[in-house]
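Just so it is clear, none of the values below were taken in a lab; they were calculated from the coordinates. Predicted, not measured: the structure shown is a model, and the values here were computed from it. All Cβ positions, glycine included, derive from the backbone under ideal geometry; neighbour counts span all protein chains shown.
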């Protein structure tokens with residue numbers, strides 16, 4: 001059986017690339033395809049040192065750093081990838097990958113990280129934050145995203161079977177594409193984290209500092225709770241704005257390597273999370289350390305954090321709601337057992353992901369091609 005794996009773009013190693021990494025473990029002879037491939041050499045071990053077959057966008061000016069500027073060309077580009085010689089096509093898609101062209105004798109399975117967020121549910125937020133909500137540039141951007149939405153919806157019919165990375169994304173697939181999906185959670189390297197029973201007297205948050213992560217909200221909330229220490233790991237465009245809101249009880253460490261992040265996750269009293277994520281790997285990694293999580297209760301964290309069992313969920317992305325959650329956590333912290341928290345995190349381990357993917361792919365390969373879910 002010849003297998004093709006299509007990914008949107010290879011530029012770094014994050015959640016979606018972890019999925020590709022494990023797909024390559026299951027199908028080591030698979031060929032990789034992508035809109036672009038600028039993954040640094042020190043990260044290529046995660047994709048078995050393979051070079052993806054790319055599109056014409058790979059050779060366009062400034063594509064390495066500004067590939068998103070070519071978004072409007074990506075539907076055309078992805079359709080130029082020739083996967084007609086493969087029996088099984090697996091797309092790892094949060095943007096364009098699922099739009100690859102296949103024929104009737106192939107099985108196309110899409111592992112969907114999300115429908116294109118900036119074209120659908122984050123459309124208005126994206127335009128505002130990019131300064132594209134008005135004016136001539138805004139008009140052009142809206143026209144482009146309208147075209148992307150139409151293309152995205154139409155290409156859902158090119159997929160035989162959808163796999164969603166959470167029930168939250170499954171609901172979005174149903175709403176946007178009117179297609180059902182099977183939930184298989186992304187792989188989390190639980191074994192790389194050590195269960196730690198003794199916690200220290202500080203809270204931890206970590207993320208890239210961009211608006212939707214709400215890191216400024218977390219820092220501002222803790223600035224209003226001066227008796228509680230907060231350590232912040234991460235960097236990004238909003239770093240200086242967030243630093244300006246930090247009180248004396250808030251320590252910003254900037255970007256830190258995995259070793260330092262892991263050490264803090266293991267020792268923290270609790271991990272604080274405020275984003276509405278499709279899945280959210282960091283809260284699961286914290287739980288793998290036996291560390292409770294205080295998280296916004298929408299998106300993937302609603303499925304990965306047990307309110308009152310492995311942490312505390314709060315209902316609104318607001319300073320008041322977060323402060324209430326921290327105070328509630330303080331009251332129940334003694335009941336949250338590190339062993340129980342770690343055991344819950346093990347549900348999301350790599351071996352579970354591999355076995356579920358393999359079982360489902362075999363089922364789909366043996367199903368009649370005419371019966372799309």
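As a footprinting exposure proxy, order 278, 87 by other Cβ within 10 Å, with the fewest listed first. Working shown, then result.
Details: 278 22, 87 12.
In increasing order of surrounding Cβ atoms, one gets 87, 278.
To check my understanding: the extent here is largest minus smallest coordinate of the Cα atoms along each principal axis. What are those three numbers for the range 32-111, in Å, largest first?
Sorted largest first, the three principal extents are 37, 31, 20 Å.
On a 0 to 90° scale, report how tilted helix 167-177 is relative to the longest principal axis of the chain, with both axes built from alpha carbons and the result rounded to the nearest 10.
The angle comes out near 40 degrees.
Nearest 0.05, what FRET efficiency do residue 366 and residue 82 give at R0 = 35 Å with Cβ-Cβ as r?
Approximately 0.85, to the nearest 0.05.
Roughly how many Å is it from the Cα centre of the range 161-197 to that of the range 290-317, as a whole number?
16
Can you sort 160, 324, 82 so the residue with the fewest Cβ neighbours within 10 Å comes first? Present the calculation step by step, with values, prior to reporting the outcome.
On the way: 160 19, 324 16, 82 12.
So the ranking, lowest neighbour count to highest, is 82, 324, 160.
Multiply the residue separation of residue 73 and residue 332 by 0.36 nm, subtract the distance between their alpha-carbon atoms, and state the gained length in nm to one decimal.
88.0 nm
Quick one: length gained pulling residue 241 to residue 133 fully straight, 0.36 nm per residue minus the C-alpha distance?
Length difference between fully extended and current span is 36.6 nm.
Suppose a student asked you for the relative contact order of the chain, using Cα pairs under 8 Å spaced at least 6 residues apart; what percent would you report?
Reported relative contact order: 14 percent.
What do you get for the angle between helix 319-332 and the principal long axis of the chain? Use alpha-carbon atoms, 0 to 90 degrees, nearest ten.
With both axes taken from Cα atoms, the answer is about 70 degrees.
Bins of 10 Å, beginning at zero and ending with the bin holding the largest distance: percent of Cα pairs per bin for the range 190-347, please.
12, 46, 37, 5
Could you give me the percent of Cα pairs per 10 Å distance bin for the chain, shortest bin first, beginning at zero and ending with the bin that holds the maximum distance?
Going from the shortest bin to the longest, the percentages are 5, 22, 31, 25, 13, 3, 0.
Would you please classify the overall shape of the range 46-182 from the alpha carbon gyration tensor, given that a ≥ b ≥ c denote the square roots of the eigenvalues, rounded means a/c under 1.5, and beyond that prolate means a/b larger than b/c while oblate covers the rest?
oblate
What's the angle, to the nearest 10 degrees (0 to 90), between helix 135-155's Cα axis and the longest principal axis of the chain?
With rounding to tens, the tilt is 70 degrees.
Tell me, what is the percent relative contact order of the range 1-118, built from C-alpha pairs under 8 Å that lie six or more residues apart?
It rounds to 29 percent for the range 1-118.
First measure r as the distance between the Cβ atoms of residue 153 and residue 249, then evaluate 1/(1 + (r/R0)^6) with R0 = 41 Å and state the FRET efficiency to the nearest 0.05. Walk me through the numbers before you get to the answer.
Values: r = 48 Å, r/R0 = 1.17.
For residue 153 and residue 249, the calculated efficiency is 0.30.
What ranking of 293, 72, 250 emerges when the number of other C-beta atoms within 10 Å of each C-beta is taken as an exposure proxy, fewest first?
Details: 293 28, 72 15, 250 24.
Taking fewest neighbouring Cβ atoms as first place, the list is 72, 250, 293.
Between residue 324 and residue 41, with labels modelled 7 Å along Cα→Cβ, what's the label distance in nm to one decimal, could you check?
5.4
Pairs of Cα atoms under 8 Å, at least six residues apart: use those to get the relative contact order of the range 182-335, whole percent.
Computed over the range 182-335, the figure is 24 percent.
Which residues does the label zone of residue 64 cover in the range 6-21, counting backbone N under 15 Å from a point 7 Å along Cα→Cβ?
Counting only backbone N, you get 10-12.
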